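So the structure is just underneath, and the comments pick up after that.
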Amino acid sequence: MSNLAIDLHWQRGGTVLQAGSYSAAHRVSFNGTFDMDVDAAPDWGGDPANTNPEQALASALSSCHMMTFLALAAKAGWPVAGYSDHAVAHLGKNPRGQMSVVRIDLHPVVRFDPGFAVSDEALAQMQDRAHRYCFIANTLADSVKINIF
């Protein structure tokens with residue numbers, strides 16, 4: 001098993017921690033070498049210049065799906081030349097009435113080397129396999145609907 005960690009640092013800016021009057025902006029450090037400024041989503045008063053946990057969750061799912069797809073494509077001998085995605089996390093109320101990421105939509109686009117092609121059906125099947133083997137998708141499986149377009 002792997003243990004994968006981050007470090008999070010927040011410091012109160014004002015003299016009192018009071019509802020509606022403090023910043024949630026904080027810094028997350030990955031492996032001690034990459035720092036990311038994080039805040040609440042803009043709809044909840046966060047700085048739109050910073051990422052937010054909901055975007056980070058969509059990013060984690062998109063990255064995991066891509067890495068799983070590439071591993072499967074390599075095993076199948078598919079010469080993938082490029083891969084891009086536009087992932088969107090949707091907020092709403094879960095079945096218990098709590099605010100939650102209720103759905104994440106992935107929109108992967110795969111490019112192959114010139115002269116190589118697969119059918120839409122074969123590509124969809126490979127995307128489905130990637131979804132089934134993706135660690136993050138399996139983690140979210142019971143609580144977040146994931147669509148791959």
Being over 21 Å from the mean Cα position of the chain (by Cα) and loosely packed, with under 10 Cβ neighbours inside 10 Å is the filter; apply it to the stretch 92-116 and report the residue that is nearest to residue 148 (Cα to Cα). 95
Return a yes/no flag: does the stretch 43-66 have any residue that is in contact with a helix residue (DSSP H, G or I) (Cβ under 8 Å, 6 or more places away or on another chain), surrounded by fewer than 12 Cβ atoms within 10 Å (Cβ to Cβ) and over 23 Å from residue 128 (Cα atoms). yes
Consider residue 70 carefully, then state whether it is aliphatic (A, V, I, L, M), out of contact with any Cys (no Cβ under 8 Å at 6 or more places or on another chain), assigned by TED's automatic domain parsing to the domain that holds residue 128 and without any contact (Cβ under 8 Å) to a residue 24 or more places away in the chain. yes
Selection status of residue 86, surrounded by fewer than 18 Cβ atoms within 10 Å (Cβ to Cβ), in a strand (DSSP E or B), out of contact with any helix residue (DSSP H, G or I) (no Cβ under 8 Å at 6 or more places or on another chain) and assigned by TED's automatic domain parsing to the domain that holds residue 104: no
I'm trying to understand the selection: among the residues of the stretch 117-135, which are without any contact (Cβ under 8 Å) to a residue 12 or more places away in the chain and under 16 Å from the mean Cα position of the chain (by Cα)? 132
Is at least one residue of the stretch 82-91 under 30 Å from residue 44 (Cβ atoms), of a type in the set (A, V, I, L, M, F, W, C) and out of contact with any Leu (no Cβ under 7 Å at 6 or more places or on another chain)? yes
Note down all Cβ pairs under 7 Å where the first residue falls in the stretch 136-149 and is free of Cβ contacts under 8 Å to residues at least 24 places away in the same chain and in the same structural domain as residue 90 (by TED's automatic domain parsing), the second is part of a helix (DSSP H, G or I) and buried (at least 17 other Cβ atoms within 10 Å of the Cβ), and they're at least six residues apart or on different chains. none
How do the pairs read when you match residues in the stretch 95-107 that are part of a loop (DSSP other than H, G, I, E, B) with residues anywhere that are acidic (Asp, Glu) and surrounded by 10 or more Cβ atoms within 10 Å (Cβ to Cβ), using Cβ under 7 Å and keeping only pairs 6 or more apart or on different chains? 107/85
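The values are calculated or read from the model by the stated rules, or taken from the named source; none is laboratory data. Since the structure is predicted, the reported quantities are computational estimates derived from the model, not experimental observations. Using ideal geometry, Cβ is built from the backbone for each residue, glycine included, and neighbour counts are taken over all protein chains shown.
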